[in-house]
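The values are calculated or read from the model by the stated rules, or taken from the named source; none is laboratory data. Because the structure is predicted, anything quoted here is derived from the model rather than measured. Because the Cβ atoms are built from the backbone with ideal geometry, glycine has one as well, and the counts that use them run over all protein chains shown. Side chains are part of the model used for accessible areas, which takes the heavy atoms of the whole protein and leaves out ligands, DNA and RNA. Shrake-Rupley method; radii C 1.70, N 1.55, O 1.52, S 1.80 Å.
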Amino acid sequence: MDVLYFLKKELMESWRHYRVMILGLVFLLFGIESPLIAKITPDLLKAVGGQLKFSLPNPTSIQAWQQFFKNMTQIGIYLLAAITSNTVSQEVSRGTLVNLISKGLPRYAIIIAKYVMAMLLWFGAILFSFLVTWVYTAYYFPDHYTPHVWLGVLPLLLFGFLFMAITIFGSTLTRSDFVGFFIAVGAAIFLTLLGFIKHFKRWNPISLVSDNMAITQGTEHFTRLIPAYAATLVLASIFIIWAVQVLNYKKL
């Protein structure tokens, strides 16, 4: 009940502070832009090339989904981290949690509710953009080169469990609004560097945002990343428990 009470507050604040509207507009743009860029790129290159004669392959759904995953992993997930990076730090710095905790609200309920809210934004934004891309890609490129688009996006969605947990954890450490974001970015860079260790790759959570096209095209099986799924969920649980512990000992 405590978690639901605080989650209701988070939902209302996300709406009032235009987070839902901003994310909806940006991810709608991503969804429209991904297949559109793939469609017009050959014509743009021909126009820029002028008198130069060169041949370009006809665009397919592969280019559209490549653009989608590029938008999500290079911009979208960091935008989500930026929006949620002050979720705890701002409340601590403003002292808005003191009254609630003095009335009996457990501190763990705050972290869990904020984590659930972050995941709702993550799933909502990415699935919304995915569905728009799916519709436009089917319209522009009615081919069969990307038969497993749903399986391709699932690892990206699962990566959010860890990425948002790290962002929430970072937000509990200081009163700064940006620490959560920078810690999440630092963690993504660290995991990317670990990806160069070949034998560790199957366990590395970063595989969930780097192998999506192979799964989408059917050249890699979804179940091959099971170790990475498990590592992602275990690490996400550790960071959330860690965030609760940090908040328990934090002076509000």
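Count, please, the residues in the stretch 1-19 that happen to be closer than 24 Å to Leu131 by Cβ and open to solvent by 60 Å² or more (accessible area, probe 1.4 Å).
3
With of a type in the set (S, T, N, Q) and within 30 Å of Pro42 (Cα to Cα) as the only criterion, which of Thr146, Thr232 stands out? Show your work before the answer.
On the way: Thr232 fails: within 30 Å of Pro42 (Cα to Cα).
Criteria check complete, one pass: Thr146.
I need every pair where a residue in the stretch 174-190 that is without any contact (Cβ under 8 Å) to a residue 40 or more places away in the chain has its Cβ under 9 Å from the Cβ of a residue that is open to solvent by 50 Å² or more (accessible area, probe 1.4 Å) and among the hydrophobic types (A, V, I, L, M, F, W, C), sequence separation at least 6 or different chains.
Ile183/Leu173
Of all residues in the stretch 175-199, which are open to solvent by 70 Å² or more (accessible area, probe 1.4 Å) and not in a helix (DSSP H, G or I)?
Those that are open to solvent by 70 Å² or more (accessible area, probe 1.4 Å) and not in a helix (DSSP H, G or I): Arg175, Phe178, Phe196, Ile197.
Residues that are surrounded by fewer than 20 Cβ atoms within 10 Å (Cβ to Cβ) and within 21 Å of Gly180 (Cβ to Cβ): does the stretch 66-74 have at least one? Steps first, please.
As a first pass, look at the stretch 66-74 and keep what is surrounded by fewer than 20 Cβ atoms within 10 Å (Cβ to Cβ): 66, 70, 73-74.
Now restrict to residues that are within 21 Å of Gly180 (Cβ to Cβ): 73-74.
Yes: the stretch 66-74 contains one or more residues that are surrounded by fewer than 20 Cβ atoms within 10 Å (Cβ to Cβ) and within 21 Å of Gly180 (Cβ to Cβ).
Out of all the residues in the stretch 20-45, which are at pLDDT below 85 and surrounded by 12 or more Cβ atoms within 10 Å (Cβ to Cβ)? So that I can check it myself, show each step before the final result.
So the first thing to find is which residues in the stretch 20-45 are at pLDDT below 85, and the list is 38-39, 41-45.
Within the stretch 20-45, Ala38, Lys39, Thr41, Pro42, Leu45 qualify.
Please work out which residue is least open to solvent (accessible area, probe 1.4 Å), limiting yourself to the stretch 85-114 and to residues that are under 16 Å from Leu173 (Cα atoms) and either free of Cβ contacts under 8 Å to residues at least 60 places away in the same chain or within 11 Å of the chain's Cα centre (by Cα) (or both).
So the residue we want is Glu91.
If I go through the stretch 142-172 residue by residue, how many of them are over 10 Å from the mean Cα position of the chain (by Cα), of a type outside the set (Val, Ile, Thr) and in a helix (DSSP H, G or I)? Write out each step before concluding.
Of all residues in the stretch 142-172, those over 10 Å from the mean Cα position of the chain (by Cα) come to 142-155, 165-172.
So of that shortlist, the ones also of a type outside the set (Val, Ile, Thr) come out as 142-145, 147-148, 150-152, 154-155, 165, 169-171.
After this cut, where a residue has to be in a helix (DSSP H, G or I) as well, the list is 150-152, 154-155, 165, 169-171.
The total comes to 9.
Is there any pair with a first residue in the stretch 20-39 that is more than 15 Å from Leu121 (Cβ to Cβ) and a second that is open to solvent by 60 Å² or more (accessible area, probe 1.4 Å) and charged (D, E, K, R) whose Cβ atoms are under 9 Å apart and which are 6 or more apart or on different chains, and what are they?
Pairs found: Ser34/Lys70.
Considering only residues that are polar (S, T, N, Q) and out of contact with any Gly (no Cβ under 9 Å at 6 or more places or on another chain), look in the stretch 200-231 and name the one that is most open to solvent (accessible area, probe 1.4 Å). So that I can check it myself, show each step before the final result.
Step one: list which residues in the stretch 200-231 are polar (S, T, N, Q), which gives 204, 207, 210, 212, 216-217, 219, 223.
Those left that are additionally out of contact with any Gly (no Cβ under 9 Å at 6 or more places or on another chain): 219, 223.
Values: Thr219: 110, Thr223: 69 Å².
Checking each candidate, the answer is Thr219.
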